[in-house]
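Single-structure report; data block below.
Every number here is computed from the coordinates shown, using simple stated rules; none is lab data. Just so we're clear, the structure is a prediction, and the values are computed from it rather than from any experiment. As a convention, Cβ positions derive from the backbone with ideal geometry for all residues, glycine included, and neighbour counts pool all protein chains shown.
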Amino acid sequence: MTEHIKIVEVGPRDGLQNEKQFVDTATKIELINRLTAAGFPNIEAASFVSPKWVPQMADGSQVMAGIQRQPGTIYSALTPNMRGLEAALAAQADEVVIFAAASEAFSQRNINCSIDESITRFEPVAAAAKNAGVRLRGSISCALGCPYQGQTPVAAVVDVAERLLRLGCDELDVADTIGVGTAAQVQQVLQAVGSVANLQTQVSGHFHDTYGQALANILAALESGVRIFHSSVAGLGGCPYAKGATGNVATEDVLYLLHGQGLHTGIDLDAIVDTGTWISQQIGRPTASRAGRALALKKA
Ligand code: HMG
Ligand code: MG
């Protein structure tokens, strides 16, 4: 049987959050509807954070209310605190994401508190999510390097992973926020995280592509046993609190790689190429996906 890889499309959240110009709600909704139709099992659809911190995500409730949901598709939302969690539950998110960092400096810049404080803040969020019966995911930023502190010790990643698991996370994202990691380092970090979590079922690779390493890192993570990856259509995005960081690895490139490896994703690459072309036009920038560009040219 062909092995299945779960792809979590994060373009509507991680991708769009970094756009300076406000992307209107209708465009966000259409993007999610197109991604749903293309077959993603899981789409990161919204972020219930402070609109002062990330104005682009201020319309999360309207976005969640406007999308056409496919039964079985998981629509996720970021929840930094109880206020975010309550908004996500009201918006009927299927999964909520608490996001911590393996670097103190990044934790301060991104969520305005220390790692310890963030875990304490997540305790009631996790408990309320469990109580409501929604999935809980924990993201570990700067797992492969930090824009403020440089190298991240592997032990710091494992420590945060353990603490997020103790809160009840169903899945953990090993996130290369600024795309600096290389393949051997990815395997080293994953091996260590594998001592506390099941790499096949509980761990995802969330790789930004700033240094062009993301596809190599995905292959390295596959070899390590990881079967869940995050990607962003057209390679949209970046992190507002990680200067210079570019978008997530492009979904089109990831699908081209995985399908070429004979792996199954259940996602229609052709439809994603069209969606990548469409959203790039909507936000007025060229696609960051090499495969997307090449495949779109072949169609033209
Ligand atoms: P704070 O300023 O310390 O907290 O922010 P606060 O409680 O004093 O709140 C400040 C203001 O925001 C208040 O409004 C609150 O009411 C409001 P004011 O009284 O001044 O008018 N507020 C909220 N509004 C709506 N929804 C909420 C909410 N919470 C407070 N949930 C806080 C702390 C965590 C809120 C803030 O730092 C924040 O929102 N940070 C989010 C930053 C962010 O979204 N970063 C990007 C996402 S993470 C990411 O991209 C990384 C990832 O992709 C993995 C990777 O690549 O590394 C996941
Ligand atoms: Mg990210």
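Just 81, 33, 131 to compare: in a GNM of the chain, with alpha carbon springs under 10 Å, which one fluctuates most? Among 81, 33, 131, the largest mean-square fluctuation in the Gaussian network model of the chain belongs to 131.
Counting neighbouring beta carbons within 10 Å and listing from fewest to most, the residues 25, 246, 79, 2 come out as 2, 25, 246, 79. Highest GNM mean-square fluctuation among 101, 65, 88, for the chain modelled with Cα contacts below 10 Å: 65. Of the residues 103, 50, the one with the fewest other Cβ atoms within 10 Å heads the list, and the complete ranking is 50, 103.
On full extension, the segment bounded by residue 243 and residue 83 gains 54.9 nm, given 0.36 nm per residue less the C-alpha separation.
Structural descriptor for the range 1-120: relative contact order 21 percent, calculated from alpha carbon pairs under 8 angstrom and at least 6 residues apart. Look at where the Cα atoms of the range 73-151 and of the range 198-259 average out, and the two centres are 19 Å apart. Once C-alpha pairs closer than 8 Å and six or more residues apart are averaged by separation and normalised to the residue number of the chain, the relative contact order reads 19 percent. Longer than 28 Å from Cα to Cα, which of 28/52; 130/243; 28/299 are they? Say none if no pair is. Long pairs (Cα-Cα over 28 Å): 130/243. Looking at the chain only, what percent of DSSP beta bridges run antiparallel? Nearest 5 please. Percentage antiparallel, nearest 5: 5. As a rough footprinting exposure proxy, the listed residues 63, 54 were ranked by other beta carbons within 10 Å of their own, and the order from fewest upward is 54, 63. Under a Gaussian network description of the chain, with springs only between Cα atoms under 10 Å, the residue in 269, 236, 172 that fluctuates furthest is 269. Label point 7 Å out from residue 211 along Cα-to-Cβ: which residues of the range 115-148 have amide N under 13 Å? Of the residues in the range 115-148, 143-147 have backbone N under 13 Å from the label point off residue 211.
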